[in-house]
1. Which members of the range B:217-244 meet the condition of being touching an Asp or Glu at 6+ places or on another chain (Cβ under 8 Å) and either farther than 15 Å from A:PRO84 by Cα or more than 8 Å from chain A (Cβ to nearest Cβ) (or both)?
2. Just to verify a result, which residue in the range A:62-76, among those that are more than 15 Å from A:VAL39 (Cα to Cα) and within 18 Å of the chain's Cα centre (by Cα), is farthest from the other protein chains (Cβ to nearest Cβ)?
3. Taking the range A:173-209 as the region of interest, how many residues are aromatic (Phe, Trp, Tyr) and modelled with pLDDT under 95?
4. Quick one: in the range A:210-243, which of the residues that are among the acidic types (Asp, Glu) and part of a loop (DSSP other than H, G, I, E, B) is modelled with the highest pLDDT?
5. May I ask you to list the residues in the range A:130-147 that are more than 22 Å from B:PRO316 (Cα to Cα), assigned to a helix (DSSP H, G or I) and touching a helix residue (DSSP H, G or I) at 6+ places or on another chain (Cβ under 9 Å)?
6. What are the pairs, 6+ residues apart or on separate chains, where a residue within the range A:118-139 that is in contact (Cβ under 8 Å) with a residue 40 or more places away in the chain has its Cβ under 7 Å from a residue that is part of a loop (DSSP other than H, G, I, E, B) and crowded, with 16+ Cβ neighbours inside 10 Å?
7. Against the condition outside the structural domain of B:LEU283 (by TED's automatic domain parsing), modelled with pLDDT under 85 and not charged (D, E, K, R), how does B:ALA59 come out, does it pass?
8. Looking at (1) of a type in the set (Phe, Trp, Tyr); (2) within 14 Å of chain B (Cβ to nearest Cβ); (3) within 25 Å of A:VAL229 (Cβ to Cβ), find the lone condition where A:PHE109 falls short.
Amino acid sequence: MAIPATAPARTGLIEVSDFNLAYDTLDGAVIAVSDADLVVNPGEFVSIIGPSGCGKSTLLNAVAGFLKPTSGIVTVDKEPVKGPSADRGMVFQQYSLFPWKTVRENVEFGLKMRGMGKSERAVAARTLLGLAGLSAFEDHYPDRLSGGMKQRVGIVRALATGPKVLLLDEPFGALDAQTRVIMQQILTNLWQRLGISVLFVTHDIDEAIFLSDRIYVMTARPGTIKAEVTVPLPRPRDAALQLSPEFVQLRADLGALIREESLKAMGGELNEDALKGLAVNLNGANLAEVV
Amino acid sequence: MNSIAMKPAAKSAPIAAPFHLAGDGGVHRPVAPGHIVLRPERDALAAVAAPDRSFTGRARRWLKLNAHTIRAMLLGALAIGLFILAWHVVTVNRMTFYVRFLNVPSPEQVLESARTAFSTGAFLNHIYISCRRIFIGFALAAVVAVPLGLLMGRFQLLKEFVFPVSEVLRPIPAIAWVPMSIMLWPTNEESIVFITFLGSFFPILLNTLHGMANVDEVLVRAARCLGATERATFREVYFPAVLPQVFTGLTVGMGVAWVSLIAAEMISGQFGIGYFTWEAYSLVQYPDIALGMITIGVLGLASSFLIRIAGRAVTPWSRAK
């Protein structure tokens with residue numbers, strides 16, 4: 001079995017420092033991410049939140065090895081990241097299951113790439129699917145599954161090779177609110193069992209607080225780290241925690257931070273004053289008539 | 001807090017709002033703000049009538065579920081029947097209204113000539129030779145164009161190098177290659193196969209390229225961070241991802257292969273169904289013209305059908321859900 005039942009893992013230290021990413025256009029270089037740094041300690045659950053387009057996925061993709069920073073250092077366990085590898089499991093928002101492989105073949109993929117034998121990896125995949133409650137669907141093709149099921153397969157597939165870190169790029173963004181809450185619970189349980197380091201990108205503040213040990217808040221583009229918060233909530237956490245005063249306070253604080261950046265990200269002269277101005281008093285008239 | 005009336009099933013739910021069970025039906029009573037009124041539980045399965053499992057019951061449901069397909073088949077048969085009837089009427093009466101059916105053979109005459117043709121080996125030999133040319137030309141085109149398309153899709157440099165040549169040659173119809181082909185190849189047989197090859201080559205190549213351009217980059221990333229090498233990514237992601245598009249190319253390519261083959265056979269053949277059809281005209285065997293045409297149609301249909309079957313067999317994930 002690739003996954004140990006308990007967590008001796010003191011590996012999975014992610015360090016990003018002085019991270020800059022720019023790309024060239026005719027009008028000169030455009031800076032996407034500027035001077036970002038972050039750390040994920042072994043076994044820690046860390047989220048990055050920020051407005052859309054701020055470069056949070058860029059940071060995650062750099063840790064995964066899909067892109068190289070213009071300048072700066074990305075290391076995992078002090079080893080520079082040179083390209084994608086099975087050491088860093090990744091879960092995508094669009095599930096990205098292979099449509100031509102059954103659920104079980106999808107989960108087996110990483111093991112197959114590692115050269116594990118057919119029967120051996122089938123056993124491993126069945127065990128993992130059993131843990132995820134997906135045994136009944138092992139021979140289905142992914143397009144027969146619901147979004148929540150697809151993403152459970154996506155997570156199990158990423159964990160099957162026993163990676164040091166798990167990277168998740170808005171993994172629950174496409175799910176409905178109820179399914180999302182259940183998936184968050186499943187992910188927390190898995191993470192606690194495996195003791196693996198997690199870097200989680202989201203724009204959902206509640207999700208970030210509920211899941212994380214620590215949260216990085218990013219600014220609007222050019223993105224950089226604006227704030228870092230240690231979540232003071234005890235574990236194990238359950239849904240009722242979302243009503244606790246600490247949770248409510250943290251959500252309000254983070255909400256204010258992000259709102260500021262989101263307004264910037266939306267561009268133009270949009271700010272708090274402009275927003276108030278949008279509340280046109282129509283007096284019952286049609287908006288088209290007023291304009 | 002108001003009185004709480006919870007139904008048994010909801011006992012474990014820690015809900016703070018006052019609960020009531022909806023009672024006497026008929027009149028809708030407004031629900032007090034902040035209260036939750038539970039409806040009595042219903043057995044959803046009981047609402048569906050038990051299915052009739054007898055033979056007639058199953059047969060009736062089968063008819064109902066397949067009504068659309070049955071209708072389409074009946075309509076299709078009716079249309080073909082009407083077509084043959086109209087053909088019969090215009091030819092038997094030797095009608096002329098600008099278009100002249102004076103010398104056009106009637107369905108009966110064609111049927112008669114088919115009987116004669118199939119009773120001798122010569123006609124079957126024409127069919128065999130055409131099929132062999134199609135098979136060789138088409139198979140060669142697939143074997144060259146699919147890998148070339150895959151590589152061109154993967155390696156931009158190769159694409160930039162090969163694509164302009166392909167774009168210049170592509171608009172030249174296969175028939176225009178006939179004289180050149182006769183000069184190029186030592187035997188007539190080879191030149192006809194070459195023309196068939198050319199006809200199917202470009203549709204297959206272009207569709208494969210198009211499929212490669214549409215491979216979901218996220219799937220490639222997913223494979224890479226599961227430890228897939230370049231080769232494994234090619235085999236496990238790019239190849240299956242383009243397969244449906246490759247089969248579109250093969251289907252189109254097969255159609256063009258027949259067009260090219262028949263043209264080549266009519267011009268330079270000594271055998272083959274295209275040669276048979278053209279020869280029938282020269283020898284004033286008019287029913288054989290129609291026989292040749294119908295045979296070409298049936299062979300073309302059958303070969304497209306075979307490719308569709310093969311396509312479905314190798315892409316089981318894209319089968320109807």
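The values are calculated or read from the model by the stated rules, or taken from the named source; none is laboratory data. Keep in mind that what you see is a predicted model, and the values were worked out from it rather than measured. Because the Cβ atoms are built from the backbone with ideal geometry, glycine has one as well, and the counts that use them run over all protein chains shown.
1. B:ALA241
2. That would be A:LEU67.
3. Number satisfying all stated conditions: 1.
4. Of all residues in the range A:210-243, those among the acidic types (Asp, Glu) come to A:213, A:228, A:238.
Then keep just the ones that are part of a loop (DSSP other than H, G, I, E, B); that gives A:213, A:238.
Numbers: A:ASP213: 95, A:ASP238: 84.
The residue in question is A:ASP213.
5. A:LEU131
6. A:ALA124/A:ALA2; A:ALA124/A:ALA160; A:LEU128/A:ALA160
7. So B:ALA59 fails the test.
8. Here A:PHE109 clears every test but (3).
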